[in-house]
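Asks: Here's a structure for you.
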Amino acid sequence: MPIGTPFHERTSNLCTSMRWKEWSGYYAVCSYNSLHEPEYFAFRHSAGLLDVTPLFKYSVKGKDAEKFLSRVMVKNIAKLKVGRVSYLCWCNDEGKVVDDGTCMRLDEDVFFVTSADPCYYWFKRFTRGYDVEIEDATDVICGLALQGPTSRDILKQVIDIDMDTLKFFGVRDANIENIPVYISRTGYTGDLGYEIWTENKNALQLWDTLMGAGRNYDIQPAGLDALDITRVESGLILKGADYYNAQHVLIEDRMSTPYELGLGWTVNLDRVPFMGQAALKKEKQEGSLWATVGLDINWPELEAIYNNYGLPPEVCSSAWRQSIPIYDFDNPRVQIGYATSGTWSPTLKKNIALATIQKRYDKSGSKIKFEVTVEHARHLVSAIVNKPQFFDPERKKSNPGLEKAKTNG
Amino acid sequence: MAKKYDVIVIGGGHNGLVCAAYLAKAGKSVLVLEKRHVLGGAAVSEEIFPGFIFSVASYVVSLFRPHIIRELELARFGYEVIPIDSTFTPSLEDQGLARWGDWHKTRREVSRYSKHDAEVYPEFSKAMTAISKFTKEVIDYPAPDITSFHPRELKNMKRLGKELRGLGPDMLHLNTKLLTMSAVDFLQMWFENERLVAPMSVSGIIGTFQGVRSPGTAYVLLHHYMGELDGAFRSWGFSKGGTGGISMACARSAEHFGAEIKTEAGVANIITKNGRAIGVALENGDEYYSDTIVSNADPKRTLLGMVGENKLPEDFVRDLNRFKFRGSSGKVNMALDRLSKFTCRPDDELILKGDITIAPSIDYLEKAYDDAKYGEFSKKPFIDIVIPTLTDPSLAPPGKHIMSCFVQYAPYNLKEGPDKWPDKREAFGDAVVNTIEEYAPGLKDSILHRQVLTPWDIEKKIGLTEGNIFQGELSLEQLLFQRPVAGYAKYTTPIKNLWMCGSGTHPGGGIIGSGGELAAKTILKEKMV
């Protein structure tokens with residue numbers, strides 16, 4: 001039986017749809033209202049407030065914290081500056097991804113790591129010989145993601161730091177009214193947005209403060225259904241949908257490497273040994289077998305199929321995550337991969353998916369065949385291979401306040 | 001002269017009934033002869049106290065092969081198993097540990113003792129699932145004969161070899177460890193906290209005369225894990241109407257396919273002529289004849305008891321005498337007026353519906369074994385408690401309950417000799433009740449009736465030699481092509497036309513049905529009866 005997060009008192013009052021799911025042992029809202037679209041549009045046009053407490057959270061401290069994290073993570077943490085956040089993944093020694101998450105450097109010797117799966121046991125396995133202390137903060141720290149174009153303006157009213165100087169993937173300690181928080185400019189929507197962490201006891205006050213400050217900026221509590229659409233639009237992969245924890249699966253085919261997941265850019269290969277280094281070096285040299293791509297599924301073709309049945313085109317309004325086979329364009333009997341999640345993008349007006357595809361088919365612009373089921377029958381439509389990221393607004397990384405100051409100066 | 005049957009099955013245990021059902025389904029005329037007035041052998045439900053139906057011996061089920069349920073249409077004949085969701089290990093010091101089907105719930109519980117152990121669980125499950133997949137290939141086929149060059153044997157070995165190789169090197173190495181290590185050592189490769197290891201390790205000693213630190217017990221652990229293939233803890237379950245419900249479903253299936261079943265028809269001896277079995281003589285003097293006799297009784301009782309040592313090869317008798325029974329467990333069944341609460345978790349009613357294990361520490365379990373090694377029952381035994389009436393209220397009057405306690409150790413061979421068990425029976429029962437009373441005060445006052453079964457009682461009542469619940473220990477050297485005797489692991493005996501199908505044959509152990517099924521299929525293949 002799941003338990004409520006420290007925000008449950010608020011979220012449960014607001015969740016009029018009664019649509020919940022389990023997220024890592026916590027109750028999590030799918031959508032507050034029967035329709036999730038308004039929450040999606042809040043993320044893209046104003047601001048959505050999402051409870052992200054169920055993420056696993058670890059405080060990693062000590063003289064050797066940097067060395068230890070550099071050994072465990074694929075990224076060289078020595079290069080991560082104080083006040084910066086890194087998105088990364090970690091592998092087992094076969095170079096297969098165990099989990100992905102963020103690592104924040106709060107101080108020289110103080111880091112904060114988030115993950116999708118419980119990873120305390122995994123990190124703990126490699127601490128011998130390091131002066132490092134890992135504390136599982138999952139049950140003592142809660143988190144809210146405030147995401148969307150007006151999120152900065154909302155925060156400006158209640159926070160004691162200069163929001164204009166908090167850059168993309170920066171992290172700062174701050175006070176929201178009187179609540180001490182860590183705030184990072186990160187998120188899972190691919191938009192302008194922040195994640196705010198505080199002790200459980202401050203949860204309700206933090207929620208009320210943000211909701212109050214957001215009143216004039218169309219803030220809306222948002223659930224996981226809305227989040228799922230935004231993350232697919234932004235090409236952000238999800239553990240348990242687009243890939244699996246290598247330590248939990250029975251066969252190698254279900255494991256993935258960072259390169260195969262499109263996370264090659266997070267790997268710093270040439271440095272002191274780290275978990276999976278040898279295997280990743282070999283893969284880098286010999287080439288990967290699989291790649292993660294985005295698919296732009298041809299709309300007119302889908303429309304035509306529906307038209308043959310005398311129907312207007314129908315698409316599910318929420319994101320999906322079942323496996324769907326994809327085929328070679330010229331030889332549609334040859335399966336070349338599978339889509340792992342997808343959505344109708346209300347912003348782009350495109351039918352898109354994330355897919356695992358054989359490496360030789362991963363060139364952007366090339367065509368494949370995608371299976372669709374219309375009126376209980378299977379059909380193939382074409383789709384164009386794309387980078388996974390379909391939506392990447394300028395505001396995500398921009399710093400208008402700073403630029404203005406520069407122009408004026 | 002009495003009617004001649006195609007097949008006579010001696011013993012109406014669940015394996016005998018499964019065997020009879022398969023043979024009847026194949027069109028054979030089958031007669032099942034059961035000594036007792038009830039069917040089921042050790043999987044038996046009896047109204048021991050008015051209004052209370054006890055699963056007298058075997059009390060939970062997990063391994064019963066799903067294909068047998070399908071092939072014999074058992075659901076149609078009343079087979080119904082209700083999953084058990086939790087295992088609770090009460091404690092005298094804190095709130096104890098409960099493990100559930102819901103893994104995040106379990107993770108939180110285990111985290112109180114060890115965060116590491118809580119999180120490593122999926123890795124352990126993954127390894128066990130991989131190995132169980134191979135083991136399933138072993139239990140669903142007759143044991144391979146490693147000495148034979150018969151094409152069929154070579155084919156079987158090739159199939160197993162392929163499966164084994166498919167495990168990959170890591171799992172192969174792990175398999176070797178599983179075959180040689182103790183349950184505790186094996187579990188400690190993953191888990192560090194004994195509050196978790198102790199209750200998990202008991203699966204390695206059930207029905208064996210070994211301790212949780214004895215080498216070889218890791219394999220028994222797996223034997224009990226295989227039932228979890230279809231999904232975590234949930235695959236252990238209560239049979240509706242008690243475990244006798246399963247036997248009755250098998251009996252109804254057998255009858256549906258045309259088998260004839262007689263109770264209170266104990267076989268005194270198997271009639272042989274020129275080294276062949278030709279029939280059976282009952283205790284009441286009746287005789288029945290057949291060219292195919294299948295015994296569901298254990299190997300010792302079948303061959304040394306019903307056939308006779310003088311009709312058997314000397315080396316076979318020697319090997320059979322070496323086959324270890326040495327029952328190590330007892331059973332205490334109680335009719336309760338009301339349920340008393342466990343002090344460590346008084347408000348949690350859900351935990352009472354599941355399995356409750358008295359296994360507070362590894363040392364506790366080892367000390368329980370120490371008593372047994374020197375011929376005494378454990379003063380502080382390992383107890384596996386279930387209260388089936390919370391799941392199946394039909395077993396007792398409304399509001400009343402049944403508490404079933406599987407207890408280890410109760411060595412058949414007491415220091416003073418097994419015959420002294422009747423003098424110690426109640427003291428053994430008291431040890432069990434007193435132990436539980438510490439965790440759940442008030443139990444004693446709520447007992448309406450207590451049934452204590454020592455291994456001596458199990459032997460006398462159910463007919464299991466030395467009270468061994470598996471018809472012979474499930475230790476490695478007594479498995480596969482050596483169960484029960486090398487050269488006779490394919491349900492055959494030195495007596496032509498005499499076969500065996502009980503738990504003493506491959507794969508043995510638990511309410512599983514495989515012995516009966518594989519014996520029937522072997523007989524149909526080997527001998528066109």
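The values are calculated or read from the model by the stated rules, or taken from the named source; none is laboratory data. No experiment lies behind these values; they were computed from the predicted model shown. Note that each Cβ is placed from the backbone with ideal geometry, even for glycine, and that neighbours are counted across all protein chains shown. Keep in mind that these areas ignore ligands, DNA and RNA; they rest on the heavy atoms of the full protein, side chains included. Shrake-Rupley method; radii C 1.70, N 1.55, O 1.52, S 1.80 Å.
Asks: Cβ-Cβ distance below 8 Å, separation of 6 or more or different chains: which pairs start in segment B:249-266 with a residue that is within 16 Å of B:Glu71 (Cα to Cα) and end on one that is open to solvent by 60 Å² or more (accessible area, probe 1.4 Å) and of a type outside the set (Gly, Ala, Ser)?
Replies: So the pair list comes out as B:Ser253/B:Glu73; B:Ser253/B:Arg76; B:His256/B:Glu73; B:Phe257/B:Lys25.
Asks: Going through segment A:124-146 one residue at a time, which ones are within 14 Å of chain B (Cβ to nearest Cβ), outside any loop (DSSP other than H, G, I, E, B) and of a type outside the set (A, V, I, L, M)?
Replies: A:Lys124, A:Glu133, A:Glu135, A:Asp136
Asks: If you don't mind, there's one more thing I want to ask. If only one of A:Lys387, A:Lys396, A:Lys406 is open to solvent by 30 Å² or more (accessible area, probe 1.4 Å) and either in contact (Cβ under 8 Å) with a residue 24 or more places away in the chain or touching a strand residue (DSSP E or B) at 6+ places or on another chain (Cβ under 8 Å) (or both), which one is it?
Replies: None of the other options fit; the residue is A:Lys387.
Asks: Report yes if some residue within segment A:213-230 is open to solvent by 30 Å² or more (accessible area, probe 1.4 Å), among the charged types (D, E, K, R) and assigned to a loop (DSSP other than H, G, I, E, B); otherwise report no.
Replies: Yes.
Asks: Could you say which residue among A:Leu206, A:Leu236 is in a loop (DSSP other than H, G, I, E, B) and away from every other protein chain (no Cβ under 14 Å)?
Replies: Values: A:Leu206 fails: in a loop (DSSP other than H, G, I, E, B).
Answer to the check: A:Leu236.
Asks: Next question, about the same structure. Within segment A:264-274, which residues are in a loop (DSSP other than H, G, I, E, B) and either within 14 Å of chain B (Cβ to nearest Cβ) or open to solvent by less than 10 Å² (accessible area, probe 1.4 Å) (or both)?
Replies: Residues of segment A:264-274 in a loop (DSSP other than H, G, I, E, B): A:267-274.
The one that is in a loop (DSSP other than H, G, I, E, B) and either within 14 Å of chain B (Cβ to nearest Cβ) or open to solvent by less than 10 Å² (accessible area, probe 1.4 Å) (or both): A:Phe274.
Asks: Where in segment A:45-95 are there strands (runs of 3 or more DSSP E), lying fully within it, with 2 or more residues that are farther than 29 Å from A:Thr257 by Cβ and at pLDDT 95 or above?
Replies: Hits in segment A:45-95: A:47-51.
Asks: OK, next. Would you point out which residue out of A:Gly62, A:Gly101 is closer than 25 Å to B:Ser114 by Cα and over 21 Å from the mean Cα position of the chain (by Cα)? Steps first, answer last, please.
Replies: On the way: A:Gly101 fails: over 21 Å from the mean Cα position of the chain (by Cα).
On inspection, the qualifying residue turns out to be A:Gly62.
Asks: Have a look at A:Ala279, A:Ala246, A:Ala241 and point out the one that is outside any loop (DSSP other than H, G, I, E, B) and hydrophobic (A, V, I, L, M, F, W, C).
Replies: A:Ala279
Asks: Same structure, new question: Please verify whether A:Ile251 is within 14 Å of chain B (Cβ to nearest Cβ) and either out of contact with any Phe, Trp or Tyr (no Cβ under 6 Å at 6 or more places or on another chain) or touching a residue at least 40 places away in the same chain (Cβ under 8 Å) (or both), treating the condition exactly as stated. Walk me through it before giving the result.
Replies: Values: within 14 Å of chain B (Cβ to nearest Cβ): yes; either out of contact with any Phe, Trp or Tyr (no Cβ under 6 Å at 6 or more places or on another chain) or touching a residue at least 40 places away in the same chain (Cβ under 8 Å) (or both): yes.
Answer is yes for this residue.
Asks: I've got another one for you. Considering only residues that are more than 14 Å from chain B (Cβ to nearest Cβ), assigned to a loop (DSSP other than H, G, I, E, B) and within 20 Å of the chain's Cα centre (by Cα), which ones fall in segment A:1-44? Don't jump to the end; show me each part of the working.
Replies: Step one: list which residues in segment A:1-44 are more than 14 Å from chain B (Cβ to nearest Cβ), which gives A:6-20, A:29-44.
Imposing the further condition that a residue be assigned to a loop (DSSP other than H, G, I, E, B) reduces the set to A:6-7, A:15-18, A:32-36.
Answer for segment A:1-44, where residues must be more than 14 Å from chain B (Cβ to nearest Cβ), assigned to a loop (DSSP other than H, G, I, E, B) and within 20 Å of the chain's Cα centre (by Cα): just A:His36.
Asks: Taking the stated definitions as given, is B:Ser340 under 30 Å from B:Ile387 (Cα atoms) and in contact (Cβ under 8 Å) with a residue 24 or more places away in the chain? If you could, list the steps in order and put the result at the bottom.
Replies: Details: under 30 Å from B:Ile387 (Cα atoms): yes; in contact (Cβ under 8 Å) with a residue 24 or more places away in the chain: yes.
In short, yes.
Asks: I would also like to ask the following. Are there strands (runs of 3 or more DSSP E) fully within segment B:263-351 with at least 1 residues that are open to solvent by 70 Å² or more (accessible area, probe 1.4 Å)? List them.
Replies: B:267-273, B:276-282, B:287-290
Asks: Further question: Scan segment B:470-520 for residues that are in a loop (DSSP other than H, G, I, E, B) and aliphatic (A, V, I, L, M) and jot them down. Spell out how you get there, then give the answer.
Replies: Step one: of segment B:470-520, the residues in a loop (DSSP other than H, G, I, E, B) are B:470-475, B:479, B:483-491, B:493-495, B:497, B:501-513.
Across segment B:470-520, the qualifying residues are B:Leu474, B:Leu479, B:Val485, B:Ala486, B:Ala489, B:Ile495, B:Ile511, B:Ile512.
Asks: Name the strands (runs of 3 or more DSSP E) wholly within segment B:64-163 that hold at least 1 residues that are within 14 Å of chain A (Cβ to nearest Cβ), more than 29 Å from B:Pro484 (Cβ to Cβ) and at pLDDT 85 or above?
Replies: B:86-89, B:97-100
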